[in-house]
Protein chains: 2
Amino acid sequence: MIPEEMKLANQLCFSVYNANRLFIQFYQKALKPFDLTYTQYIVLLALWEQDHQNLHDLGAKLDFGSNTLTPLLRRLETAGWLVRLQPAADRRQLVVELTDKGKASQGPIFEAIKACVGQDQLDVSQYKEALKINDALIADLKTAVG
Amino acid sequence: MIPEEMKLANQLCFSVYNANRLFIQFYQKALKPFDLTYTQYIVLLALWEQDHQNLHDLGAKLDFGSNTLTPLLRRLETAGWLVRLQPAADRRQLVVELTDKGKASQGPIFEAIKACVGQDQLDVSQYKEALKINDALIADLKTAVG
DNA sequence: TCATAAATAATCGTGCACGATTGAATGGAG
DNA sequence: CTCCATTCAATCGTGCACGATTATTTATGA
């Protein structure tokens with residue numbers, strides 16, 4: 001017989017895994033009118049916070065390597081959300097910059113997401129508690145995988 | 001300027017997203033000697049809880065469709081963890097059953113995972129709290145994406 | 001200066017996730 | 001018995017994630 005603490009229902013990893021998949025589904029639904037994937041939205045969030053970043057710094061904030069970012073940024077450029085620039089000062093780097101469309105879409109996208117949030121959502125204190133405990137979990141996992 | 005609550009650092013989805021990626025890295029590391037991916041381990045967990053399930057029921061427990069499970073189960077079969085059987089009673093179905101190797105590996109795999117858990121892990125009460133709040137989140141997201 | 005190391009984005013390969021479709025097998029109504 | 005709807009797994013296509021490698025450019029030290 002499997003130990004009680006190893007059952008799927010008691011596994012925090014499985015809970016986090018499913019919460020993540022549902023979050024992605026939720027956002028994909030809200031983002032469908034904009035033809036954006038969840039990950040693409042996360043990248044745009046980072047750029048709305050700070051435009052004109054190079055791939056390396058963007059990757060540091062999102063924990064993405066170039067293997068993930070390079071094709072992702074190419075797709076975002078093709079769809080007109082940003083441009084990829086090669087700075088003359090250091091031709092190894094790649095700098096990304098939001099287009100006018102990219103900048104202007106922030107408001108409408110936030111509106112679309114808010115409109116998808118149901119009435120029965122977590123209240124503010126629960127949300128903050130969830131954020132706090134997940135961030136503590138992340139800190140622990142970071143040392144564990146170090 | 002981006003609203004404070006929309007910054008990455010304040011987004012629960014981003015926290016869950018990163019916790020999930022770190023969990024996966026943690027388990028991949030622990031599972032490397034067994035040549036198992038995280039998702040394959042999750043499927044084995046479900047089978048250790050209950051062997052001899054058909055694809056449909058397994059998918060219901062893990063929220064996977066045949067598009068995810070079919071190739072995954074084929075790989076698990078190729079690696080000798082389970083066998084895929086076509087029941088004569090209903091030839092539409094596919095039943096999976098652990099091999100001797102699949103059954104016998106439960107203990108060693110659990111040991112390997114335990115050995116990878118560091119000293120600075122979440123304590124029991126924090127773990128339970130995290131599980132509780134994530135499960136509440138899942139319930140809300142399910143109604144939201146419903 | 002010049003060789004070598006370091007930094008950096010790009011590429012490659014694998015395995016998920018999942019929306020959508022397909023095709024085979026079964027069950028049920030007439 | 002015979003359609004016809006239903007139930008399944010399988011297939012297809014796209015986009016991540018990420019380990020590993022490669023190729024280019026810059027920095028550094030003798």
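Tell me the residue from B:124, B:117, B:83 that is free of Cβ contacts under 8 Å to residues at least 24 places away in the same chain and more than 13 Å from chain A (Cβ to nearest Cβ), please. On inspection, the qualifying residue turns out to be B:83.
The set of residues in the stretch A:86-114 that are more than 13 Å from every other protein chain (Cβ to nearest Cβ) and β-branched (Val, Ile, Thr) comprises A:95, A:96, A:99.
I'd like to know if the stretch B:61-73 contains one or more residues that are near DNA strand D (Cβ under 10 Å from one of its atoms), within 30 Å of residue A:146 (Cα to Cα), surrounded by 14 or more Cβ atoms within 10 Å (Cβ to Cβ) and of a type in the set (A, V, I, L, M, F, W, C). Yes, there is a match, as at least one residue in the stretch B:61-73 is near DNA strand D (Cβ under 10 Å from one of its atoms), within 30 Å of residue A:146 (Cα to Cα), surrounded by 14 or more Cβ atoms within 10 Å (Cβ to Cβ) and of a type in the set (A, V, I, L, M, F, W, C).
Table: residues versus (1) within 14 Å of chain B (Cβ to nearest Cβ); (2) touching a residue at least 24 places away in the same chain (Cβ under 8 Å); (3) within 9 Å of DNA strand D (Cβ to nearest atom).
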residue: A:16; (1), (2), (3): yes, yes, no
residue: A:31; (1), (2), (3): yes, yes, no
residue: A:41; (1), (2), (3): yes, yes, yes
residue: A:47; (1), (2), (3): yes, yes, no
residue: A:57; (1), (2), (3): yes, no, no
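Coordinate-derived values only; no laboratory data. Note that the structure is a prediction, hence the values are computed from the model and not measured. Ideal geometry is used to build each Cβ from the backbone, glycine not excepted, and the neighbour counts take in all protein chains shown.
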